[in-house]
1. Any idea how far apart residue 263 and residue 28 come out in nm if each label point goes 7 Å out from Cα toward Cβ?
2. Show log10 I(q)/I(0) for the stretch 1-81 at q = 0.13, 0.14, 0.26 Å⁻¹, two decimals, from a solvent-free Debye sum over equal Cα scatterers.
3. What are the extents of the Cα atoms of the stretch 136-194 along their three principal axes, listed from largest to smallest and rounded to whole Å?
4. Enumerate the residues in the stretch 172-188 having an amide nitrogen under 12 Å from the point lying 7 Å beyond the Cα of residue 195 toward its Cβ.
5. Given the rule -39500 (n - 2.57) for each run of at least 4 DSSP H residues, summed and divided by the residues of the chain, what is its mean residue ellipticity at 222 nm, to the nearest 500 deg cm²/dmol?
6. Please give the peptides 110-117, 291-298, 231-238 ranked by average Cβ packing (other Cβ atoms within 10 Å per residue), highest first, as a rough proxy for protection.
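Throughout, read-outs are computed from the coordinates displayed, never taken from laboratory work. Nothing here was measured: the structure is a model prediction, and the numbers come from that model. Positions of Cβ are generated from backbone atoms using ideal geometry, with glycine treated the same way; all protein chains shown enter the neighbour counts.
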């Protein structure tokens, strides 16, 4: 049976074009070259690999695993029903065995419209507000008149974006209104959050099947601009964060998985979280800054760790 991995790491662009006013131009040639290089890491899942710049559509395959489900990916799938590896429903999130979770990746994929809805930042923000996880003053805006007017520093993020793109940092001293206005005209809405001093970035990945399954949290190396640089797997937690924080992140990921499942999503996902310091210097946990309803480098790192360190231990995937 032939297998095809689609490294469409710029899938947020396709989602934005399908769901927001636009225009949404292609990424620059330099960024496209970086994306193509990073897509090579998906070869850890086996099969033939399609990378940006390769001819589209690719050669037909019996099974397709995409970085993210889009209309273009769905159009080339063979019309066969999904038959995920069974695992019993449980109120407690469990971790699939090595073979099971990777096999499920090939068999679970959502409707692209559901994937778009779940990757929209407003989906995660609604869940965060419902559970009291959002940062103080965070809001979704649809006009410049809704921007905060205090003296704090803020960041405005497009509903579909990745790798630190499509976002603007601003304050009353540096309002950046023209840039924010341009983003609003293209995306119709923005998520605005206070800019906080991060101490550590975390992720927690899982799989939504007939039940929600989550892995132990991993650490993320993120540049100040928001660009991802590395994922660190260490299931002991020793080099990730204090166990108190890790437990809360797992619980949050399980709740996010439940919300995805209720929305009709099936497939891989991950949440991002982080530790930050407030004005008093106290360390606080932002339990969920976003939901990625797709593959992530946290899952790529886990697959690579299981291959390279089958006995466990610390593994780092660095771009």
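1. Result: 3.1 nm between the two label points.
2. Debye curve over Cα of the stretch 1-81, log10 I(q)/I(0) at q = 0.13, 0.14, 0.26 Å⁻¹: -0.42, -0.48, -1.35.
3. On the principal axes, the stretch 136-194 reaches 27, 21, 19 Å in Cα extent.
4. From the stretch 172-188, the list is 172-176.
5. That comes out to -9500 deg cm²/dmol.
6. Going by the mean number of other Cβ atoms within 10 Å, highest first, we get 291-298, 110-117, 231-238.
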